Amino acid sequence: MADILFVMKYPLNGQETLIPKFQGQMAAMERLGHRAWYLGWDEVGIWLCRDEEKTLVCRSRFSRLPGYSHTFLFDDLMEGMKNAVRQMPFALVYMRYMMTFSKAPAAFQAVKESGAKLVMEHPTYPFENGKKTNLLREPVFRYADYVFRQVEPMIDLYTLIGEEAGGTLNGRPAMNITNGVDADSLPLHRSRGEAGPPAILALASMTWGQGYDRLLRAMAPVQEDYVIYFAGGSSDGSLEEWQRLAQELNMGEKAQFLSPVQGAALDELTDRCDIGMGGLGIHRLGQTVSRPLKQREYMARGLPFFYAVNDPDMPEDERMCRHLPDDETIPDGAEILRFAKESRLDAELPARMRAYAREHLGWEQQFKPVLERLGIPWNETSSI
């Protein structure tokens, strides 16, 4: 049994839509026979956490400032990582890609000196292009990239979610994995029958690459009753653009824009919907293959969905999910509504989708080859 440290943006007292993914990854590593630790943050600082254990590894001076989680947090996480690996003998540090600033070189060096392997996951490969950016932030991105080039040689392995990498990335070893999901950690969707108008869930960080303008234009001409719940925060200005577009298309209450939701609120919202909507604009990022987490969570919950990307892990069963063109054409709104009506009447469908997620989309299947590549054994008696 080894100690493994996960490094990502994990708020202890706030909202983060990726927490279910992080928890699923750590639960899978525990089932493979290892102890999973993580760095969590709050207004005090960075904490080394596992279950009920919590040790302060970096006190923050800036956590109460607006925008902390997009700026100073990254350096605090690096300081926390440096101190954590000096306190405990970790076999592996598994880090989600994040911007690197002045404290990153010392932190990466501390990991190497500790003897731990350093793996960096890039959740969207190839790197996003065509992304909308604020001109004021571009110097920050350039500096972060400059620092990252200094620390990149210390990465033992990249894990890349997206297109095939060919075994290396920027001269470092790389392997492809896919997003996974801890299926049984999510409540099973309950089909609604014919109660109320058909409802569609569009759950995401509202960025240009989600392509939900295509959904609005598809559904606006449909005269029947329905409702689309857009649940997610603004990131690059696309949310505001889509709100204006919905007004221009006179969609009224048919397009409802909600704040980000998670936990019990997300469970309740999911049960109010008949189908989900995956990303419709991945092609805008220059990607031809992608394995979005959202689609895996829809599958695990048992919520049928549409998606518009080449995702090799999705089943061919069109009762579970249906593929839309991955381009700028406007989907058929009437077809989307028919799918919602059909899905709400199949009471057994959620359980079949959950079974598929258990068998094909778990994190254990992704981590086993990673551990083997690094020479870290895993418990073969663990169930999947």
Consider Lys341 carefully, then state whether it is assigned by TED's automatic domain parsing to the domain that holds Leu32, at negative phi and in a helix (DSSP H, G or I). no
If we scan the stretch 70-78, do we find a residue that is crowded, with 23+ Cβ neighbours inside 10 Å, free of Cβ contacts under 8 Å to residues at least 60 places away in the same chain, more than 24 Å from the chain's Cα centre (by Cα) and farther than 26 Å from Leu361 by Cα? no
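Results for (1) in the same structural domain as Val289 (by TED's automatic domain parsing); (2) among the aliphatic types (A, V, I, L, M); (3) in contact with a strand residue (DSSP E or B) (Cβ under 9 Å, 6 or more places away or on another chain), shown as yes or no for each residue.
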site	(1), (2), (3)
Cys49	no, no, yes
Ser63	no, no, yes
Phe72	no, no, no
Met95	no, yes, yes
Ala104	no, yes, no
Gly115	no, no, no
Val119	no, yes, yes
His122	no, no, yes
Restricting the search to the stretch 1-59, which residues are among the small types (Gly, Ala, Ser) and either at pLDDT 95 or above or closer than 25 Å to Gln365 by Cα (or both)? Ala2, Gly24, Ala27, Ala28, Gly33, Ala36, Gly40, Gly45
Quick one: would you say Glu224 is assigned to a loop (DSSP other than H, G, I, E, B) and over 30 Å from Ala255 (Cβ atoms)? no
Among the residues of the stretch 42-57, is there at least one that is of a type in the set (S, T, N, Q) and in contact (Cβ under 8 Å) with a residue 40 or more places away in the chain? no
Considering each residue of the stretch 157-168, count those that are over 16 Å from Pro369 (Cα atoms) and buried (at least 20 other Cβ atoms within 10 Å of the Cβ), and give that number. 1
So, Gly24, is that one touching a Ser or Thr at 6+ places or on another chain (Cβ under 7 Å) and on the phi > 0 side of the Ramachandran plot or not? no
Is there a residue being in contact with a Cys (Cβ under 9 Å, 6 or more places away or on another chain) and surrounded by fewer than 19 Cβ atoms within 10 Å (Cβ to Cβ) anywhere in the stretch 17-39? no
Pair list, Cβ < 7 Å and 6+ apart or interchain, from the stretch 255-281 residues that are surrounded by fewer than 18 Cβ atoms within 10 Å (Cβ to Cβ) to residues that are among the hydroxyl-bearing types (Ser, Thr, Tyr): Gln256/Tyr229; Leu258/Tyr229; Pro260/Thr17; Gln262/Thr17; Leu269/Tyr229
Do we have any residue at all in the stretch 88-97 that's more than 25 Å from the chain's Cα centre (by Cα), of a type outside the set (A, V, I, L, M, F, W, C) and modelled with pLDDT of 95 or more? yes
Could you please find all residues in the stretch 227-245 being assigned to a loop (DSSP other than H, G, I, E, B) and surrounded by fewer than 20 Cβ atoms within 10 Å (Cβ to Cβ)? Gly233, Ser235, Asp236, Gly237
Mind listing whichever residues of the stretch 79-96 are in contact with a Lys or Arg (Cβ under 6 Å, 6 or more places away or on another chain) and part of a strand (DSSP E or B)? Leu92
Selection count, the stretch 139-174, where residues are among the hydroxyl-bearing types (Ser, Thr, Tyr), in contact (Cβ under 8 Å) with a residue 12 or more places away in the chain and more than 16 Å from Tyr125 (Cα to Cα): 1
Need at least 1 residues that are not assigned by TED's automatic domain parsing to the domain that holds Ala218 per element, so show me which strands (runs of 3 or more DSSP E) inside the stretch 272-328 make the cut, counting only ones lying wholly within it. none
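The values are calculated or read from the model by the stated rules, or taken from the named source; none is laboratory data. All values derive from a computational prediction rather than experimental measurement. Here Cβ is always computed from backbone atoms with ideal geometry, including for glycine, and neighbour counts include all displayed protein chains.
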